[in-house]
Each structure stands twice: as C-alpha cells, then as structure tokens.
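Notes to accompany the following structure.
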Amino acid sequence: MQAIVQDLRFALRQLRRSPGFAVTAVLTLALGIGANTAIFSLLDQALLRSLPVRDPQQLVILEGTGKAWEGHTSNFGAGEETSFSYPMYKDLRDHNQAFQGLIATSPASISFVHAGSSQLTDAELVSGNYFTMLGVEPALGRLFTQSEDLQKDANPVAVLSFDFWKDHLGSDPAVVGANVTINGHPFQIVGVATPHFRSAVWGNTPGVFVPMSMLGQVIPGKDKRLTDHTDRWMNILGRLKPGESRVQAEAAIAPLWHALRAEELKAIGRKSKRFTDEFLTNSRLLTQPGARGLSYSRDGYEKPLLAVMAMAILVLLIASVNVASLLLVRSASRVREFSLRYALGAGGPRIVQQLLLEGLLIGIGGGIAGMLLAPVAIRALVHRLTSDDGSVAFSSSIDARILFFNFAVALAVSMLFSLAPTLQLRRPDLTSAMRQQSATGTGAMLSFRRAVVCLQIGLSVLLLVGAGLFVRTMQKLRSADLGFTAAHLITFGLNPKLAGYVPATIPALHQRVIDTLSALPGVQSVAATDDVELAGNLQGGNITVAGYTAPPDDSYDIERPYVNPAYFSAMQVPLLAGRLFTEGDTTDHPHVAIVNETFAKHFCGTAKDCIGRSAGSGGGNVKLDTEIVGVVRDAKHSGIRDEVVPTFFRPLKQATDPGRLYFYIRTFSDPAQTLSTVRRTIQQLDPTLAVDSLRTMDAQVENSLSNERMVTLLAISFGVLATFLAGIGLYGVLAYSTAQRTREIGIRIALGSTRVAVARVVLVDVLRLAGIGIAASLPVAFGLSRLLRSQLFGVSPADPITLIGVVLLVAMVALVAALIPARRAASVNPTQALRTE
C-alpha cells in the first residue's frame, strides 16, 4: 500500500509536469465518453428501456392480420394491424381466457380550460382498467376504475400526467377535485399519475387522460365509434398470465377471434371468396412483445439512432486510439527515466503499476469530464427534437446506469492503453538510454505509431463519408419536388368542435374564416382541407370505381380528403384534365371528385379515361354516386420520403361531418410577416377558437425533416470531431518523428539540401500516411454506407461528390497538421543539430 501511495503521488507530479498532455488526454476521453453517453441515452429510451410499470415483460401488443377490410382506419403510425374497433376490444376483454387483462388506448387533442386559462394539449383516451392493469399508482388523488368506462357519457372525470400538472398547473395539489372544461364540457380532475409514467404508448406525452366512454366529448361527433365495428381507431395491449408465453396466448384466443370476425363478416354482408379468405380464414390475432410499449414513432427513430450510435462508437474508438498514441509519444521522452529505474533495481511489475496508476488518473479525469459533458449534450439533443408545440418523445435525464457504465469504459480504456508504453520499455537498452542517444525515428515503435495514425485517419474517413451522405440526403430532401409550392405559404389548424360549435354551424364558420383571410392585405388565396400536409398522417378508406376490376392482391386504401375550391390554386397543384371544384359543388348538387395522377393510373389507366367515371366510398356493392370531374398532378402528402398514394379529393361543401380544418394561405410577400396578423384575425373572429400549429409551410417542411436534420447534425459533429482527433494524432506523430530525425535533417542541410526540400520530405511523409489511411478505408466506407441505404434519399452509397469531398478534406487536414513539423524541420540549424550528438 505504501508503494501504491508513493507511485500515485509520483503519477500526479508527472501529470502536473505535463499539463498539455494531461488536458489533451482527458478532453479526448471526455469527448468520446460524453458523445456516447448522450446518444446511448436516446437509444436506450427509444429501443431498449421498458415501460415504468409493473412486470412490463408480461405486456403484449395485439395485432390482427388479414388485409381485407371495409370501413375506416386510423393507425396514427403504428400500422393498420394494431388498429381495432371499440366493440371488438370489449368483446375480447369480456370473453377471453388468455390474458390477465386487456386495455385500450387512442390519442386525441383537446381544449383544456382551468381557472379561466385555456390551452390546447394532447390527451389520451383510455379504458377504465388502463392504470390498474399497467400497475401505475397515483401521485395525487386516484386513478380510473373499470366502472367509469361502462356507460357512455356518464363519467366526466380526468387524470393529469405528472409533467402537465407540474409545468402547466404549478404543482397545485388543490387541482385534485377541481372542475375543468374539456372541449366546452365540464370534467372533474380525480388524480395525478406517478412522475415516471407518461403513457403506454412510447413517444406520446399526453397531459390529460380521459375514459374511453367520454369519447363524444373528447372527439366531438365521433361517439358512434363506441358501437361501430367498421371503424378501427384504437390500440389494444394485454398482460399475459404468469408463466404463459405469447404462443400459448395466441392459441388460446384464436377460437374467440375467429368467432368475432365471423360475426363481423355476417354484419358486412355477402362478399367474394377472396374477401372472405382475407377477412376470416387467413386472419389471426397475434401478440408482439410490449415491454417497451406501443409506439407510433419508434420505427422512425430506430435506424437513424443505430446509425448515429455506430458513429459515436467510432468516435470513442478514435479517442481511445488517440490516447494510446499520446501515451506512446510521451513514453519516448521517458525512456531514460524508466531505464534509470530499471538500473536502480525496479522490477517490471512496479513499472506496470506506475503506468496503470497514471492511466487510472487520466481515466478518472476523462470519466468525470465526460459525465459533466453528457447532460449538456443530451439536453441540446432533446431541444433539437422538441416540436413547435413543446412535445418531445425523449427525456433529457440520464439513467445513472449509463453514466456509471461509460465512466467504467473511460477507466478501462485509459488503463488499457496506459500499458502500451510497456511494449517500448520492457527491454530498454540501458547504455543507449542513459547516454540519451537519438534514433533516426525509423524503429518498430515509430512504425507502430504510424499505423495508429493511419487507423485514426481511416476511422475519420468512415465517419466523414457517413456525414457526407446524410448532408447530401438533406440537400436532396430540401430540394425534392413536393408537387406543390411551399414558398409563400402559411398553415394552421382550427377545430371548431373544441370551441363548442355544433356540426350545423361549422360550415358557415369555415366559409367566414376563408372569406376573412382572403380579404387580408397581401393574401393571394386560401386553401382549406381536413387532411394536413407533410405531418406523417395517413387515413385510408375504400373506393369502388366503375369499370375497374381489382386484382387479388389489390389494396383499396386511399386518401379521401375534403378540400375547398381554391385548394389547388392556393397550393399551386396544376390541373391535368377535366375541371376544378366550384362554389356550386354543394350537398344540393351531384357529388363530384378530383383524383391525382397515381389514382388515375391505378384505376383508369390515363387521366383522360378517368374523367366522367363514377365512384363510391367503400368496397364491393356500394352506390357509385360520385363523378370524377378532374385529375391533378401528384403531390407529396404524408412525408417527403413517402411514395404518393392514390388520392380522391372531395368538395368541402359536400362533407357529411365537417370538423377540424387545416388552412393554407398563399401570400404575395414574406409569409413570416403575416403570421401575427393571421392569429389576431382568428381571435377577432372568435376568441374561443384555438389556432393550432401556426407556421410557414417552409417551417412545416423542416419540421417534417426533424429526424433527418438531427441525424445529419450529429453525423457532421462526429465527423468533424473524429477528423480533429485524427489531426491531433497525426501532428503528434509528425512532431515526434521530426524531433527524432533532427540529426538526419541537420546532415541533409549541411550537405546542401534546401529547406524547401526538407519541408517537402515531411509533407510527402504526411501525404503518404493520409493516402494509406484513405485507401484502406474507402472500400470499407463503401461497404458500410450500403447499410445506410434505407436512410438515404436520392443519393447513392457510392456518391462521387461525397467521396471526393471527404478525400480532399482529409488531405487538407493532414497538410495543416504537417505545417508546424515541416516548418520546424526546415528551420533546423545543422551546427546545433550535429553538436548535440
């Protein structure tokens, strides 16, 4: 112990004598550890961490297979297979013997009024057994009971999420029992959920939970969903019985599922054999692991986070290699010190102990600095991922397990590489070392250091190629043809039902909003639709077209938005055939529709052949009461990456259940200058109308690319960091090798070599190292970039612009790193260089 304390003090003195080395090594480790901690924290939350509920490993997500369907489906991004009707949920819940319990959930947006303050917030409609089945406890008050979900409109109660209670209601305990207004209806707050629980749906951050039986108040006009078997709009999670597997549960519930589907098929009516086979014979109720919860957005994060995590690991590897290189360079100046210790009788174990203690101190410093850097990095990342309305799927808090794991990594890395100098010091030439004779710098250890630098350059090339491909992808996405003109557009949403409007008064309000906005100075035209653009939403429905015979594998699901007559001119979507809607296309006149190019090609063959065709909503023997009067150009709808889907536009004045609308205002001038005018105008029309997501369309486009923007930013950051570390490593090796070759350079100059020629030797040396690193890494980079193919858009994994740019950038960094060593070599005084020998 006395020897350890003595060596520890000596290690501290040694690091204090070399502050530049110590600070560089600690910061290098800190950057690698901090980046890994921040990225892995996001990845852990999205892909690994279980829900904070009782026995999450027993949870499963229900999926119903079978492509055939008749009715309406809302999947919110989780897939049609996970969407169920409420009557189906009740039948499964009440008659199954396979699960401990089943819960239902669906998202919503509400107007929440408390103490005279109104705000729009996200809500979650849940079954009465939601909290008890999950095992979630209240932080205040109580949670729902099963009885509060049995009778329609009978239990106007709500539970607040802990974050909403803290951030919006000031953590006021008196809120429990208080009366609030939700969408104009009185509700009572009965409790606040536990702090760590957000939702059974990962990525959702509802502020308010409401019983499913209160659907009519939460989503006005949709209370029929509680009895409609053909409307799939909610998700189901179940809890397995103790000791039961998912396969056993699926087998146990299969007869019930088949019987319930048979009853639904009977209600639908006579169908073709293909439809019957898909709907009933080939349909299965499957279960998927639910420990991490259901998610509407996890798939969008998975591959980008894995790609960025791989980059962060490469940065940590580069940082580790850089620390090893720094230790090797430093050990060269300590050969005489350790040789003297050998000569005085120190054994190999004592030397190893000394090196391990120095590595331990570097690791502790790097780990602590990394732990301080990680929270800052993750807060910055979460801020970048936060949407305009303040919602974010990730938490900025870091799990202590991740911090301690990365701290252990810092210690392990530093202690492991601290042993690298023992390769050079295990058999020192005591006579040469004590006489301080110089070498030419061509020994085995210098060759090893050069190999280390080549490895660093190669790894930085891998990261830069990935970053370059993501940058090129962002460029392609931003310049992609949307099918409409985003410039000079303002967008926002209004939901009159949340302000208490009844369906009979909503069309007049819509028209008043359109007329008022159209009269504003600088406004060219105003579009209105019930289907928001570039927000990731798809709401499919069936269509039957006269003269079209569906093949066996055909999918009937298409987009069916309602739009006003000015929609296509405001969005600048050109007409290809037929006519546009007019103000005369109302409910009193024949139903008409306009379709896009994809619809026309799929159902009619050409745009001209579609004009005059009859169509009807639904599949099978439906009334073909709608005439297709126009065909417009294809336009992106769900997202820029997504393929254009067949779209069946209908006149807004022929809508059967008018409700929420999204408005698009085309302006002559900068639309950002009109935003405040639009908000003020709506408030003057009716102060109870809440303006949702008011922004320019350019901002909406950027918002739809938030994931890509995050990945690109991180990739650039890691690429720059890796290149910076590689440049430091290259500089260290060149500075060391140049110092070792002082005598050789002095002789060259004494024999008549010019200083330019001497500098050229150093520059050629650095270009050789960079060339080896680049040549070795480019084939690997090409192979790995193919794994990113699904994340790219309009860019090949072997994009020549990216590869050429990376090669030039690395070469430039290498030349910059060589400038100081080359200058020192060129300024060597031959007399002094030879006198030192």
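Can you tell me how many residues in segment 478-491 are open to solvent by less than 10 Å² (accessible area, probe 1.4 Å) and among the hydrophobic types (A, V, I, L, M, F, W, C)?
Total meeting the criteria: 2.
Among the candidates 250, 244, 148, which residue alone is over 18 Å from residue 120 (Cα atoms), over 29 Å from the mean Cα position of the chain (by Cα) and open to solvent by less than 30 Å² (accessible area, probe 1.4 Å)?
Testing whether each residue is over 18 Å from residue 120 (Cα atoms), over 29 Å from the mean Cα position of the chain (by Cα) and open to solvent by less than 30 Å² (accessible area, probe 1.4 Å) leaves just 148.
If you take the residues in segment 83-109 that are in a helix (DSSP H, G or I) and either free of Cβ contacts under 8 Å to residues at least 12 places away in the same chain or open to solvent by less than 20 Å² (accessible area, probe 1.4 Å) (or both), which one is farthest from residue 255 (Cα to Cα)?
86
Got a sec? Which of 362, 351 is of a type outside the set (Lys, Arg), over 30 Å from residue 207 (Cα atoms), at pLDDT 80 or above and assigned to a helix (DSSP H, G or I)?
362
Is it fair to say residue 509 is of a type in the set (A, V, I, L, M), part of a helix (DSSP H, G or I) and buried (at least 20 other Cβ atoms within 10 Å of the Cβ)?
no
Of the conditions (1) within 30 Å of residue 211 (Cβ to Cβ); (2) in contact (Cβ under 8 Å) with a residue 12 or more places away in the chain; (3) open to solvent by 70 Å² or more (accessible area, probe 1.4 Å), residue 313 satisfies every one except a single condition; which number is it?
In the conditions (1) within 30 Å of residue 211 (Cβ to Cβ); (2) in contact (Cβ under 8 Å) with a residue 12 or more places away in the chain; (3) open to solvent by 70 Å² or more (accessible area, probe 1.4 Å), residue 313 misses (1) alone.
When the residues of segment 492-506 are narrowed to those that are among the small types (Gly, Ala, Ser) and in a helix (DSSP H, G or I), which ends up surrounded by the fewest Cβ atoms within 10 Å (Cβ to Cβ)?
Selected residue: 504.
Among the candidates 690, 699, which residue alone is outside any helix (DSSP H, G or I), within 30 Å of residue 519 (Cβ to Cβ) and either open to solvent by 60 Å² or more (accessible area, probe 1.4 Å) or among the small types (Gly, Ala, Ser) (or both)?
Sole residue among the options that is outside any helix (DSSP H, G or I), within 30 Å of residue 519 (Cβ to Cβ) and either open to solvent by 60 Å² or more (accessible area, probe 1.4 Å) or among the small types (Gly, Ala, Ser) (or both): 690.
If you take the residues of segment 147-172 that are in a helix (DSSP H, G or I) and touching a helix residue (DSSP H, G or I) at 6+ places or on another chain (Cβ under 9 Å), which of them is modelled with the highest pLDDT?
Among those residues, the one meeting the criterion is 165.
I want to confirm something. Restricting to segment 756-785 and keeping residues that are without any contact (Cβ under 8 Å) to a residue 60 or more places away in the chain and of a type in the set (A, V, I, L, M), which single residue is farthest from residue 746 (Cα to Cα)?
Of everything passing the filter in segment 756-785, 775 is farthest from residue 746 (Cα to Cα).
Mind counting the residues in segment 555-588 that are farther than 18 Å from residue 633 by Cβ, surrounded by fewer than 19 Cβ atoms within 10 Å (Cβ to Cβ) and out of contact with any Gly (no Cβ under 9 Å at 6 or more places or on another chain)?
Going through segment 555-588 one residue at a time, the tally reaches 6.
Exactly one condition in (1) surrounded by fewer than 17 Cβ atoms within 10 Å (Cβ to Cβ); (2) under 25 Å from residue 702 (Cβ atoms) is false for residue 656; which is it?
(2)
Mind telling me which of the residues 724, 718 ends up being open to solvent by less than 50 Å² (accessible area, probe 1.4 Å), of a type in the set (Phe, Trp, Tyr), modelled with pLDDT of 80 or more and under 30 Å from residue 37 (Cβ atoms)?
718
Quick test of your reading of the structure: residue 582 fulfils all but one of (1) of a type in the set (Val, Ile, Thr); (2) farther than 30 Å from residue 215 by Cα; (3) within 36 Å of the chain's Cα centre (by Cα). Name the failing condition by number.
Only one criterion in (1) of a type in the set (Val, Ile, Thr); (2) farther than 30 Å from residue 215 by Cα; (3) within 36 Å of the chain's Cα centre (by Cα) is unmet by residue 582, namely (3).
Return yes or no: is residue 607 aliphatic (A, V, I, L, M), open to solvent by less than 70 Å² (accessible area, probe 1.4 Å) and within 17 Å of residue 634 (Cα to Cα)?
Taking the combined requirement at face value, the residue satisfies it.
Could you check segment 657-671 and list, in sequence order, the residues that are in contact with a helix residue (DSSP H, G or I) (Cβ under 8 Å, 6 or more places away or on another chain) and assigned to a loop (DSSP other than H, G, I, E, B)?
Result: 657, 658, 659, 660.
Criterion first (open to solvent by 60 Å² or more (accessible area, probe 1.4 Å), among the polar types (S, T, N, Q) and either closer than 30 Å to residue 719 by Cα or at pLDDT 85 or above (or both)) does residue 475 satisfy it?
Yes, satisfied.
Which ones in segment 682-697 are charged (D, E, K, R) and more than 35 Å from the chain's Cα centre (by Cα)?
Listed by number, the list holds a single entry, 686.
Just the residues that are closer than 24 Å to residue 51 by Cβ and charged (D, E, K, R), please, taken from segment 192-224.
198
State whether one or more residues within segment 293-302 are open to solvent by 50 Å² or more (accessible area, probe 1.4 Å), in a loop (DSSP other than H, G, I, E, B), in contact (Cβ under 8 Å) with a residue 24 or more places away in the chain and closer than 21 Å to residue 83 by Cβ.
No, segment 293-302 contains no residue that is open to solvent by 50 Å² or more (accessible area, probe 1.4 Å), in a loop (DSSP other than H, G, I, E, B), in contact (Cβ under 8 Å) with a residue 24 or more places away in the chain and closer than 21 Å to residue 83 by Cβ.
Kindly indicate which of 616, 612, 547 is part of a loop (DSSP other than H, G, I, E, B) and open to solvent by less than 70 Å² (accessible area, probe 1.4 Å).
Exactly one of 616, 612, 547 is part of a loop (DSSP other than H, G, I, E, B) and open to solvent by less than 70 Å² (accessible area, probe 1.4 Å), namely 612.
So in segment 659-687, with the set limited to residues that are of a type in the set (A, V, I, L, M) and in contact (Cβ under 8 Å) with a residue 60 or more places away in the chain, which one is surrounded by the fewest Cβ atoms within 10 Å (Cβ to Cβ)?
The residue in question is 685.
Results for (1) over 20 Å from residue 294 (Cα atoms); (2) modelled with pLDDT under 85, shown as yes or no for each residue.
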residue	(1), (2)
8	yes, yes
11	yes, yes
46	no, yes
52	no, no
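Identify, by number, the condition in (1) at pLDDT 90 or above; (2) under 28 Å from residue 296 (Cα atoms) that residue 196 doesn't meet.
(1)
Tally the residues that are in contact with a helix residue (DSSP H, G or I) (Cβ under 7 Å, 6 or more places away or on another chain) and in a loop (DSSP other than H, G, I, E, B), restricting the search to segment 512-534.
So the answer is 3.
Any residue in segment 743-758 that is closer than 24 Å to residue 452 by Cβ and either modelled with pLDDT of 80 or more or not hydroxyl-bearing (Ser, Thr, Tyr) (or both)?
The answer is yes, given that some residue of segment 743-758 is closer than 24 Å to residue 452 by Cβ and either modelled with pLDDT of 80 or more or not hydroxyl-bearing (Ser, Thr, Tyr) (or both).
Just to be sure I understand, how many residues within segment 25-76 are in contact with a helix residue (DSSP H, G or I) (Cβ under 9 Å, 6 or more places away or on another chain), polar (S, T, N, Q), part of a helix (DSSP H, G or I) and surrounded by fewer than 22 Cβ atoms within 10 Å (Cβ to Cβ)?
Count: 0.
For the list (1) in contact with a strand residue (DSSP E or B) (Cβ under 8 Å, 6 or more places away or on another chain); (2) open to solvent by less than 10 Å² (accessible area, probe 1.4 Å); (3) in contact (Cβ under 8 Å) with a residue 60 or more places away in the chain; (4) of a type in the set (A, V, I, L, M, F, W, C), I need the number of the one condition that residue 197 fails.
(1)
The values are calculated or read from the model by the stated rules, or taken from the named source; none is laboratory data. Model, not experiment: these values are computed from the prediction. Cβ sites come from the backbone with ideal geometry, for glycine too, and all protein chains shown count toward neighbours. When the accessible area is computed, the model is the full protein with side chains, heavy atoms only, and any ligands, DNA or RNA have been set aside. Shrake-Rupley method; radii C 1.70, N 1.55, O 1.52, S 1.80 Å.
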